[in-house]
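Structure, as structure tokens:
The values are calculated or read from the model by the stated rules, or taken from the named source; none is laboratory data. What you are looking at is a predicted structure, and each value in this text was computed from that prediction instead of being measured. With ideal geometry, Cβ positions are generated from the backbone for all residues, glycine too; neighbour counts draw on all protein chains shown. We work out accessible area using only protein heavy atoms, side chains counted, and drop any ligands, DNA or RNA first. Shrake-Rupley method; radii C 1.70, N 1.55, O 1.52, S 1.80 Å.
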Amino acid sequence: MEARNPPSGGSSSQPALDGRRRRPEPRSGRPRGEEIERGGRLPSPAAHKAASCQRVAGAGARRSCRRKQGRRQRARAVKHGIQGGEAAVFIPDGGLGEKGALAGLPTNGSKSGGPRGSPGLLSGPNVPAKRPRGLDLPAASEAAQKSPGAPRPGKLSEEEAARIAGAKVVLPNQVVLISKEGARVVSAAAQAPEGGGGGAVGKTAQVTTGKIHEGLRPAGATLKVIPVGRAELGKADGTRSAHQDQSRQTNRTHFTERAKLHKVLTIDRTLAPRDPKALGQYGRPAVVPGEKEEEAKRRWKEGNFNVFLSDLIPLDRAIEDTRPAGCRDLLVHNNLPTTSIIICFVDEVWSTLLRSVHSVLNRSPPQFIKEVILVDDFSTKAYLKDKLDQYMAQFPKVRILHLKERHGLIRARLAGAEIAKGDVLTFLDSHVECNIGWLEPLLDRIRLNRKKVACPVIEVISDKDMSYMTVDSFQRGVFTWPMNFGWKPIPPDVILKNGIKDTDIIRCPVMAGGLFSIDKKYFFELGTYDPGLDVWGGENMEISFKVWMCGGEIEITPCSRVGHIFRNDNPYSFPKDRLTTVERNLARVAEVWLDEYKDLFYGHGYHLIQKNLDIGDLTQQRELRKRLQCKNFKWYLENVYPDLEAPLVKASGLIINIALAKCVTVNTSSLAFETCDVNNKNQKFNYTWLRLIQHGDSCVAVTDAEGTLGLHPCDKRNNSLKWLHKSLVAFHPELMDHIVLEHLPRATCLEVDRSQKALRAGVCSSSNLYQKWQFGNYYAA
């Protein structure tokens, strides 16, 4: 799924409908020019963020500086269109040797400032070591081995064991609900997991020994487990390693015996030692050398981002663990469902596609990955054929589906879903980097309720310098009319008042659509995507409305984070053009799901009425909605997205002449001008989003060449019935209090004749008080 930009061009009455999406707001950028400290240790993540603001005096001022950096990045994004554990590391057979530790990190003989039990390991923010997360493979130091109080690999210190034994198990059961009255945090503990299998949550945590699972390892690789910090790598019960002779290392999991829970696994694998000085390592911004700038500019069009830099950055680079601090203690169930990762692409840049796949394999617990399905949507690049097949052959769980003709993203995803074998479908874009601990929180929400659709926080990979930037957790996916997707932050005062934590689940009215997990059976029960949608655009709206209105839920899980390159364009070809395709898709969604509120969609995208789009047959989709017994769109507005402004009409009530203070009145099939009476039903009108002045099923219209006014059966496509008022005549600000016929080339206005008894249409005059009108109630400008 490509970045979807806000509409550009057009007036407020006719906004562009291109389906583009804003990128989430980065919380901060990364500075350039970091230096490696002695012993190969890198500065802390805080130092990464603060370097560009390091000359600012005072901690508060520096924080303000970093926030401004994020706001500037957000502004650029909107302008251009657009959200301690153990490390499992693959090592070659034969052991580590003297060069076993990753490049640039301390070995047994080097000094380390890391915490006990994790010598020289890099950690994410809020971990005592205060260094960017990386990987190391040191054996326990001699001092640690001799000291009875020091924790050894696979063993807890007495202090930690005591702390865990008396700790209460906390599940991620806080959900943020937004309503017209404000926000509130609701406990989801009462929600029973469908299908059982989890057991009751125990009051105390215990420690149980387990074994390591078979991983998504390439041929000739061995899995070794190293303890990192205080949380340790765990496993789901009842599975065994296929290479027990090579991976006899045991580990311990903190979970309750009854509930069978464990901490989210902090995993990052690598095929070879990482070079901490490598370009873009740890998500740092990269710089194009001066002599290569022209080449970089030339190659930009290959992917609509900095392809030159992407090719220079390691395919399995480390990135900072950007999860909120509380995520490191998050408990998830052992018996999580398996998932099929589906990544669709067409002519994707080689390095970006491979980096996406490596991030999935490197940072996902292998026992929960059923397969990774790469769907090639008839790419034209030769390197995405045999070369890609040969490269991915080293990963047994990676499957490649080469489509024989162009399907478009929507149908390509369906092709991948059809052959998927996992319990859950996880859709990802082909230009992402999954962060540490990203998968289990998503699967755990679906285990709790199979009708939950779980989305990660989508973070930003800069299209300019490939830096990885975190974003605020307190954002929801929403839309504005006419169905333009965007991100809406939860106000800081609401967060403070309701005690919302940065680890709380956020209910999401609309998902971005590119990255989410959904139960496979439920996805097919919902009818998957509407097969009548073409190529790309609007599918996120369609699936979001379908999930919410047909019994499901959409959530953003702050403890799951995935970086995404937001591009200003995508490589898909469209049957006509991109804009027309997206408009057609959105109109199709509106006709099926918005009920009477579809007038708001067409009112904000008024040109669609004039285009008379062919949106295809809707019979199957309407029957599906009926069969699933889905709720109406009014329910969605009241219960899911109550803060959306969605008045059914622009204005209503009396139509009052400003000069005479009298009102338009219906007299059988004609119109009269009488004393105003709020209780007179014959004086009640609606001014609709489609620019009709409506009374029941009849609309105000010119009935003859003399400009006489009367009533005519309403027709939403009949331009002779359309009137402009207030903001719709902004091109003539002097006429904003007038009611102007839309279809005539000469401005013609509703007026009272000189007898003050009859109504007619006459040539507009800004000074004519008999042409100035006011509705009793206004709901939109």
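Per-structure values
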| quantity | calculated |
| --- | --- |
| The stretch 324-346, residues that are closer than 17 Å to residue 436 by Cα, open to solvent by 10 Å² or more (accessible area, probe 1.4 Å), out of contact with any Cys (no Cβ under 6 Å at 6 or more places or on another chain) and among the hydrophobic types (A, V, I, L, M, F, W, C) | 325, 331 |
| Subset of the stretch 663-672 (residues that are surrounded by fewer than 19 Cβ atoms within 10 Å (Cβ to Cβ) and either at pLDDT 95 or above or of a type outside the set (S, T, N, Q) (or both)) | 672 |
| Filter result for residue 640 (buried (at least 18 other Cβ atoms within 10 Å of the Cβ), within 30 Å of residue 481 (Cβ to Cβ) and either touching a His at 6+ places or on another chain (Cβ under 9 Å) or aromatic (Phe, Trp, Tyr) (or both)) | no |
| Options 706, 734; residue that is outside any loop (DSSP other than H, G, I, E, B) and either at pLDDT below 90 or open to solvent by 50 Å² or more (accessible area, probe 1.4 Å) (or both) | 734 |
| Selection count, the stretch 362-378, where residues are open to solvent by 10 Å² or more (accessible area, probe 1.4 Å) and part of a loop (DSSP other than H, G, I, E, B) | 1 |
| Some residue of the stretch 632-654 being farther than 17 Å from residue 591 by Cα, of a type outside the set (Gly, Ala, Ser) and assigned to a helix (DSSP H, G or I) | yes |
| Test: residue in the stretch 524-537 that is of a type in the set (D, E, K, R), outside any strand (DSSP E or B) and either more than 22 Å from residue 625 (Cβ to Cβ) or out of contact with any helix residue (DSSP H, G or I) (no Cβ under 9 Å at 6 or more places or on another chain) (or both) | yes |
| Residues located in the stretch 718-731, provided they are modelled with pLDDT under 90 and either part of a loop (DSSP other than H, G, I, E, B) or of a type in the set (Asp, Glu) (or both) | 730, 731 |
| Some residue of the stretch 323-335 being of a type in the set (Lys, Arg), more than 30 Å from residue 446 (Cβ to Cβ), over 21 Å from the mean Cα position of the chain (by Cα) and not in a loop (DSSP other than H, G, I, E, B) | no |
| Flag for residue 304 being among the polar types (S, T, N, Q), at positive phi and open to solvent by 40 Å² or more (accessible area, probe 1.4 Å) | yes |
| Residue pairs meeting the criteria (Cβ under 6 Å; at least 6 apart or on separate chains; first more than 23 Å from residue 689 (Cβ to Cβ) and modelled with pLDDT under 95, in the stretch 763-780; second crowded, with 19+ Cβ neighbours inside 10 Å and of a type in the set (Val, Ile, Thr)) | 770/752 |
| Lone qualifier among 318, 382 - being small (Gly, Ala, Ser) and open to solvent by 30 Å² or more (accessible area, probe 1.4 Å) | 382 |
| Residue that is of a type outside the set (S, T, N, Q) and either under 20 Å from residue 640 (Cβ atoms) or modelled with pLDDT of 95 or more (or both), where the choices are 504, 534, 577, 569 | 504 |
| Any hit, the stretch 557-575, residues being among the polar types (S, T, N, Q), under 30 Å from residue 357 (Cβ atoms) and outside any loop (DSSP other than H, G, I, E, B) | yes |
| Condition met for residue 649 (aliphatic (A, V, I, L, M), under 30 Å from residue 738 (Cα atoms) and surrounded by fewer than 20 Cβ atoms within 10 Å (Cβ to Cβ)) | no |
| Meets criteria (over 30 Å from residue 380 (Cβ atoms), open to solvent by 10 Å² or more (accessible area, probe 1.4 Å) and either modelled with pLDDT of 95 or more or acidic (Asp, Glu) (or both)) for residue 519 | yes |
| All strands (runs of 3 or more DSSP E) inside the stretch 420-479 with 3 or more residues being farther than 21 Å from residue 333 by Cβ | 452-461 |
| Leading residue by the ranking (modelled with the highest pLDDT) among those in the stretch 750-762 that are of a type in the set (D, E, K, R) and assigned to a strand (DSSP E or B) | 751 |
| In the stretch 581-626, the residues that are of a type in the set (A, V, I, L, M) and either open to solvent by less than 10 Å² (accessible area, probe 1.4 Å) or part of a helix (DSSP H, G or I) (or both) | 582, 586, 587, 589, 590, 592, 594, 600, 608, 609, 624 |
| Residue in the stretch 351-361 that is open to solvent by 20 Å² or more (accessible area, probe 1.4 Å) and more than 27 Å from residue 260 (Cβ to Cβ) present | no |
| Residue list for the stretch 655-703, filter: charged (D, E, K, R) and part of a loop (DSSP other than H, G, I, E, B) | 677, 684, 691, 697 |
| Residue 759 more than 51 Å from the chain's Cα centre (by Cα), closer than 27 Å to residue 678 by Cα and open to solvent by less than 20 Å² (accessible area, probe 1.4 Å) | yes |
